[in-house]
Amino acid sequence: MASLGRRIDPATARVEVDGVLVPVAPDLVYYLLNKPDDVITTADDPQGRPTVMALVPAEPRVFAVGRLDRHTEGLLVLTNDGALAQLLTHPSHGVAKEYVAEVAGGTPAPGALRALREGVELTDGLTAPAEVGVLAPGVLRIVIHEGRNRQVRRMCDAIGHRVLRLVRTRIGPLRDTTLRPGEWRALGPDEVRALAAAATGPPQAG
């Protein structure tokens with residue numbers, strides 16, 4: 001129980017307000033990056049391909065929260081806050097991630113869209129229900145709450161519509177249409193708290 005005037009050690013303390021983890025260490029940073037195509041989401045790449053780390057400040061050293069595959073574009077959080085990263089990536093928390101997918105073969109048939117919404121069988125099991133809408137002919141909006149490897153691409157493959165282009169447009173409460181590919185910005189305290197709340201509260205609707 002916290003009390004007025006109580007001192008804490010920001011290096012080790014875990015502070016929550018109404019059950020939501022609140023970052024307190026002064027050296028914690030949080031970046032939102034618009035990852036371009038053909039960039040790897042790792043700290044380094046043995047093949048010498050460009051990585052997301054080259055797009056954000058070198059110090060303090062940060063890591064990506066989750067991954068986007070090489071040819072998936074869009075929003076990615078990078079931080080040195082291991083506690084928040086664990087919250088956001090833990091399978092049980094189901095933080096919503098929204099994608100815009102351009103698919104081959106035109107707009108999927110109603111039955112294929114229904115399969116995406118209800119769950120499709122992949123090699124690692126049935127996917128959880130997703131929110132799926134049609135934005136334009138052959139362009140889908142897909143919201144998932146899981147974090148399987150290449151999940152949206154595999155879901156679309158399973159219904160016979162290969163993904164031609166995939167862009168992540170939202171992570172939990174975070175959305176930013178002003179960042180150009182390769183650009184980043186620091187998250188504000190309210191955004192960080194909203195991310196923590198998304199990871200600890202009930203799954204968000206799309």
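So if I check each of GLY111, GLY48, GLY82, which one is modelled with pLDDT under 95, surrounded by fewer than 17 Cβ atoms within 10 Å (Cβ to Cβ) and more than 26 Å from ALA198 (Cα to Cα)?
Details: GLY111 fails: modelled with pLDDT under 95; GLY82 fails: more than 26 Å from ALA198 (Cα to Cα).
The unique qualifying residue is GLY48.
State all residues of the range 120-163 that are over 20 Å from the mean Cα position of the chain (by Cα) and of a type in the set (Gly, Ala, Ser); if no residue qualifies, say none.
Matches in the range 120-163: GLY125, ALA136, GLY138, ALA158, GLY160.
Of the residues ARG154, ARG193, which is part of a helix (DSSP H, G or I), surrounded by 15 or more Cβ atoms within 10 Å (Cβ to Cβ) and outside the structural domain of ALA83 (by TED's automatic domain parsing)?
On the way: ARG193 fails: outside the structural domain of ALA83 (by TED's automatic domain parsing).
The match here is ARG154.
Is one or more of the residues making up the range 58-66 surrounded by 14 or more Cβ atoms within 10 Å (Cβ to Cβ) and under 17 Å from HIS145 (Cα atoms)?
Scanning the range 58-66 turns up at least one residue that is surrounded by 14 or more Cβ atoms within 10 Å (Cβ to Cβ) and under 17 Å from HIS145 (Cα atoms).
The values are calculated or read from the model by the stated rules, or taken from the named source; none is laboratory data. Predicted, not measured: the structure shown is a model, and the values here were computed from it. We place every Cβ from the backbone using ideal geometry, glycine too, and count neighbours over all the protein chains shown.
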